[in-house]
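Derivation of every value follows stated rules applied to the coordinates shown; laboratory data play no part. Since this is a predicted model, take the numbers as computed values, not measurements. Counting neighbours? That spans all protein chains shown, and the Cβs are built from the backbone with ideal geometry, glycine included.
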Amino acid sequence: MARTKINNAKQNDVEAYIANSPMDTRGKLEEIRAAIRKAAPGATETMSYFQIPGYSYPGYDYNGMFAWFDLQKSGLNLRVRPPVIEDHKKELEGYSTTKSVVRFPLDQKVPVPLVKKLVKASVRIMKEKSKMSQSGA
């Protein structure tokens, strides 16, 4: 299985992001990070967009970015490409969502299988969009 490519400076940035988060949230941040990396093997981990951890594959629009995560007082956010949230609205009932963000409450377990599913869908959307633009559709 391919490993996630991590530039040492970028990895340290993500690790610093997690280390600088409140102690009681670090485990959840590590869980979502691991789930994204497992769902998107070979992806590059970066902090270059929005100064939050993000993941990309080279050669696609938006610099290949397809998923991000961050911590807010109101919860742990997973950011994915539209229309992933809309396409999974039944599975996301009970979670706060926007067009591209799902917020997981801090007092609940990270739904790792759901995170993986959303990330895989975001990668698929990115790749499909690229095929459509290459074919002139």
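Quick notes on this structure:
- Model label sites at D107 and Q51, defined 7 Å from Cα along the beta-carbon direction, differ in position by 3.0 nm.
- Rounded if a/c under 1.5, otherwise prolate or oblate - the stretch 77-137, Cα gyration tensor axes: prolate
- Relative contact order %, the stretch 19-137, counting alpha carbon pairs below 8 Å whose residues are six or more apart: 25 percent
- Of the Cα atoms belonging to the stretch 10-105, the radius of gyration and Dmax stand at 13.2, 37 Å.
- Count Lys and Arg as plus one, Asp and Glu as minus one, and take only other residues whose Cβ is under 14 Å from that of D107; the net charge is then +3.
- The string of couplings for the stretch 97-104 from the Karplus curve (6.51, -1.76, 1.60, θ = phi - 60°) is 9, 10, 4, 9, 10, 10, 10, 9 Hz, one whole number per residue in order, with x for Gly and Pro.
- The phi-based Karplus calculation (6.51 cos²θ - 1.76 cosθ + 1.60; θ = phi - 60°) puts the 3J(HN,Hα) values of the stretch 14-27 at 5, 4, 5, 4, 5, 5, 8, 7, x, 3, 6, 10, 4, x Hz, whole numbers, x for Gly and Pro.
- Burial order of peptide ranges 121-134, 12-25 (average beta-carbon count within 10 Å, highest first): 121-134, 12-25
- Count of Lys pairs (Cα-Cα under 12 Å; at least 8 positions apart or interchain) in the stretch 8-129: 5
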